[in-house]
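The values are calculated or read from the model by the stated rules, or taken from the named source; none is laboratory data. These numbers were taken from a predicted model, which means no experiment stands behind them. A quick note on method: Cβ atoms are made from the backbone with ideal geometry, for glycine too, and the neighbour counts reach across all protein chains shown. The protein model used for the area step is the full one, side chains on, heavy atoms only, and it has no ligands, DNA or RNA in it. Shrake-Rupley method; radii C 1.70, N 1.55, O 1.52, S 1.80 Å.
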Amino acid sequence: MSIAIDLNGRVALVTGASRGIGAEIVRAFHRAGATVALNHPGAADTARDAGALAAELEQSRPGSASVFAADVADPAAVRAMMTAVRERHGGIDFLINNAAIIRDRTIAKMSAAEWDAVIGVNLTGVFLCCQEGLAIMRDGGAIVSLGSIAALQGFYGQANYAAAKAGVQAMMRVLAREAARRGIRANAIAPGVIDTAMAATIPEQVRAEMLKQIPLARLGTPEEVAHVALFLCSPLASYVSGQTIEVNGAWRG
């Protein structure tokens with residue numbers, strides 16, 4: 001007996017969707033039949049990558065992928081994006097908050113600008129997308145926000161990133177209560193070290209030490225995170241809300 005996830009007729013908005021985990025989430029939802037709205041921050045390279053991914057998906061199913069540029073840390077830009085998504089697709093059923101940046105530095109040396117930039121995208125951006133996204137989300141939908149193992153492990157030089165991701169995970173617990181009356185579920189995913197371009201910036205010696213902490217003895221893949229996001233938005237997770245699902249190869253530090 002097989003179990004299929006069928007999201008035909010549903011619309012998923014994924015932030016930070018031009019590459020890495022975000023792009024794989026888009027692909028997973030599209031394979032399940034959903035129409036996908038890809039957000040990117042508006043830079044030339046992210047616009048190119050998001051456009052190429054949407055074009056790839058459109059070839060297999062015309063009208064199933066669209067692209068929206070918006071800096072998620074900008075309230076006006078988020079509001080305009082949600083308006084545009086509603087005009088194009090009539091609303092959304094799923095919101096996946098994936099957009100994130102890093103500006104690593106020790107607390108002693110971190111500038112206020114570096115702190116504000118990470119909190120702005122990684123935490124305030126999630127708040128803004130949830131706030132505006134709820135206005136165009138159909139009842140019975142689901143929100144998944146990307147937290148991080150950094151929220152628990154407190155990696156050196158990541159005070160801004162860890163604080164933001166811990167805040168995201170706490171926010172989903174609150175949102176799960178507030179949105180429950182509409183049948184909307186909210187959960188977080190806390191990935192461990194995933195093999196992405198962001199992880200590639202980690203010095204090799206540090207990566208080697210991290211691998212020693214992972215019982216599965218390898219980095220995770222973006223696809224493995226995407227599959228958890230797909231599960232959390234599917235009927236298979238109909239009674240899962242307010243949770244943080246760790247996807248970290250059993251890392252316990």
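See the values below:
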{"item": "Filter pass, residue 108 being open to solvent by 60 Å² or more (accessible area, probe 1.4 Å) and closer than 20 Å to residue 18 by Cα", "result": "no"}
{"item": "Test: residue 12 is open to solvent by less than 10 Å² (accessible area, probe 1.4 Å), in contact with a helix residue (DSSP H, G or I) (Cβ under 9 Å, 6 or more places away or on another chain) and under 17 Å from residue 197 (Cα atoms)", "result": "no"}
{"item": "All positions within segment 18-51 that are in contact with a Ser or Thr (Cβ under 9 Å, 6 or more places away or on another chain), part of a helix (DSSP H, G or I) and small (Gly, Ala, Ser)", "result": "20, 22, 47, 50, 51"}
{"item": "Selected residue (only one of 150, 179, 135 is of a type in the set (Gly, Ala, Ser), in contact with a Lys or Arg (Cβ under 9 Å, 6 or more places away or on another chain) and open to solvent by 40 Å² or more (accessible area, probe 1.4 Å))", "result": "135"}
{"item": "Failed criterion for residue 197 (all others in (1) within 20 Å of residue 98 (Cα to Cα); (2) surrounded by 13 or more Cβ atoms within 10 Å (Cβ to Cβ) hold)", "result": "(2)"}
{"item": "Selection status of residue 103, part of a loop (DSSP other than H, G, I, E, B) and either open to solvent by 60 Å² or more (accessible area, probe 1.4 Å) or within 12 Å of residue 39 (Cβ to Cβ) (or both)", "result": "yes"}
{"item": "Members of segment 72-100 found to be surrounded by fewer than 24 Cβ atoms within 10 Å (Cβ to Cβ) and touching an Asp or Glu at 6+ places or on another chain (Cβ under 7 Å), listed by number", "result": "77, 79"}
{"item": "Any hit, segment 204-217, residues being more than 23 Å from the chain's Cα centre (by Cα), polar (S, T, N, Q), surrounded by fewer than 16 Cβ atoms within 10 Å (Cβ to Cβ) and farther than 17 Å from residue 94 by Cβ", "result": "yes"}
